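Worksheet for the structure shown next.
The values are calculated or read from the model by the stated rules, or taken from the named source; none is laboratory data. Every value quoted in this text rests on a predicted model; they were computed, and no experiment measured them. Reconstructed Cβ throughout: ideal geometry from the backbone, glycine too, with neighbour counts over all protein chains shown. Surface accessibility is based on the protein's heavy atoms, side chains included, excluding ligands, DNA and RNA. Shrake-Rupley method; radii C 1.70, N 1.55, O 1.52, S 1.80 Å.
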Amino acid sequence: MPALDICFSPELLPLYELPGKVAVVVDILRATSSIVTALAAGVTHVVPFSELEECRAMAAKGYLTAAERDGQQAEGFDLGNSPFGYLDGGLPVLGRAVAITTTNGTRALHLSLAADAVVIGAFLNLEAVADFVRQQGKDVVIVCAGWKGRFNLEDTIFGGALAERLQADFDTTGSDATLAASQLWQQAKPDLAAYLLQSAHVRRLNGLEAHQDMAFCVQLDTYDLLPIWRDGRLV
Ligand code: 3SL
């Protein structure tokens, strides 16, 4: 039976052997939730960057540019990192390509590229992620973006939720990380939004008046869509 493990921070990734495995990159607040929403809204593909300048340069190639640093939209970009930027009332995004850079999420993705397959996970597309990894039948590592190298609750809890969906087909008990994430998910599940009010990043976002983003990002299975890394882009 393949195994599911959880890497709590990109800083811990050197301890995980990614070749031969599927990496599920997760940054619930808000990068991976926004990427899922962007593709669901009709964006053709998303190219993630670690650096602001590389991302900004994509405007000359016709890309919409999205950038966040420390929870706020970076100056000179079309979009920040709110999923609402891709929904009604935001910019017209249908048929556009997006270049994006965020504090932790896009970095976690770049650090995961040694895996056989790299996909984007969020509560919004939880079952689509579960379906894909079941079909692959390989070991899975959930890569939590965390916050500046530190553990965070929301990405870890996503790991527990995915482990629950996969428990019939995967060994979800082989690592203490997965056991801990599963226990956190059981505590959080009855009211995920209320549970996450205590998380450091929710408090950071609330300070920036982004309550609605958190409420949006904790919805389960809104989109049957899986962003997957192919030829240098998420499609
Ligand atoms: O760190 C990141 O990649 C972002 O998702 C953080 S924020 O939610 O946009 O503040």
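Normalised by the residues of the stretch 1-109, what does the relative contact order come to in percent, with Cα pairs under 8 Å and at least six apart?
Details: 161 pairs, mean separation 36.7, N = 109.
Result for the stretch 1-109 is 34 percent.
Our estimate of slack between ASP171 and ALA114, defined as 0.36 nm per intervening residue step minus the Cα-Cα distance, is 18.3 nm.
Compute the signed sum of charges (Lys and Arg +1, Asp and Glu -1) over the other residues within less than 13 Å, Cβ to Cβ, of GLN136. Can you show the working numbers first?
Numbers: positive: LYS21, ARG134, LYS138; negative: ASP116, ASP131, ASP139, ASP169.
Summing Lys and Arg as +1 and Asp and Glu as -1 gives -1.
In the chain, Cα pairs under 8 Å separated by at least six residues give a relative contact order of 34 percent. Among LYS189, LYS138, LYS61, the largest mean-square fluctuation in a Gaussian network model of the chain, built with springs joining Cα atoms closer than 10 Å, belongs to LYS61.
Quick one: compute the contact order of the stretch 164-235, relative version, from alpha carbon pairs under 8 angstrom and 6+ residues apart, as a percent.
Dividing the mean separation by the residue count of the stretch 164-235 yields 15 percent.
Taking amide H as placed 1.01 Å from N in the peptide plane, the amide H of ALA3 sits under 5 Å from that of ASP139, VAL140, ASP171, each at least 5 places away or on another chain.
Run the helix sum for the chain: -39,500 (n - 2.57) per DSSP H stretch of 4+ residues, divided by residue count, reported at 222 nm to the nearest 500 deg cm²/dmol.
Numbers: 9 runs with 80 residues, N = 235.
About -9500 deg cm²/dmol.
Rounded to the nearest 10 degrees, the inclination of helix 153-166 to the longest alpha-carbon principal axis of the chain is 50 degrees.
Please compute the net charge surrounding THR103, taking Lys and Arg as +1 and Asp and Glu as -1 over other residues with Cβ under 11 Å from its Cβ.
Details: positive: ARG30, ARG69, ARG107, LYS148, ARG204; negative: ASP27, GLU68, ASP70.
Computed value for this residue: +2.
If Lys and Arg each add +1 and Asp and Glu each add -1, what is the summed charge of the other residues whose beta carbon sits under 13 Å from the beta carbon of LEU18? Numbers along the way, then the final one.
On the way: positive: LYS21, LYS138; negative: ASP5, GLU17, ASP116, ASP139.
Its environment carries a net charge of -2.
Helix 176-188 and the longest principal axis of the Cα set of the chain meet at an angle near 70°.
Work out the length of the dipole vector of the stretch 4-234 about its Cα centre, built from +1 on the beta-carbon of each Lys and Arg and -1 on the beta-carbon of each Asp and Glu, and round it to the nearest 20 debye. Can you show the working numbers first?
Working: 17 positive and 28 negative charges, 63 e Å.
It comes to approximately 300 debye.
Projected onto its three principal axes, the C-alpha set of the chain covers 47, 38, 30 Å, listed from the longest axis down.
In Å², what does the accessible area per residue of the chain work out to with a 1.4 Å probe? Can you show the working numbers first?
Numbers: 9800 Å² over 235 residues.
For the chain, the solvent-accessible area averages 42 Å² per residue.
For the stretch 100-235, the equivalent ellipsoid derived from the Cα gyration tensor has semi-axes of 23, 19, 14 Å, listed largest first. Annotation: the antiparallel percentage among DSSP beta bridges lying fully within the chain is about 25. Put simply, the stretch 16-127 fits an ellipsoid with semi-axes of 22, 16, 13 Å; these come from the alpha carbon gyration tensor as the roots of five times its eigenvalues, largest first. Distances between placed amide hydrogens fall under 5 Å for ILE100 paired with VAL47, PHE49, ALA66, all partners being 5 or more residues away or on another chain. Bridgeable lysines around LYS21 (alpha carbons under 27 Å apart, same-chain partners fewer than 8 residues away excluded): LYS138, LYS148.
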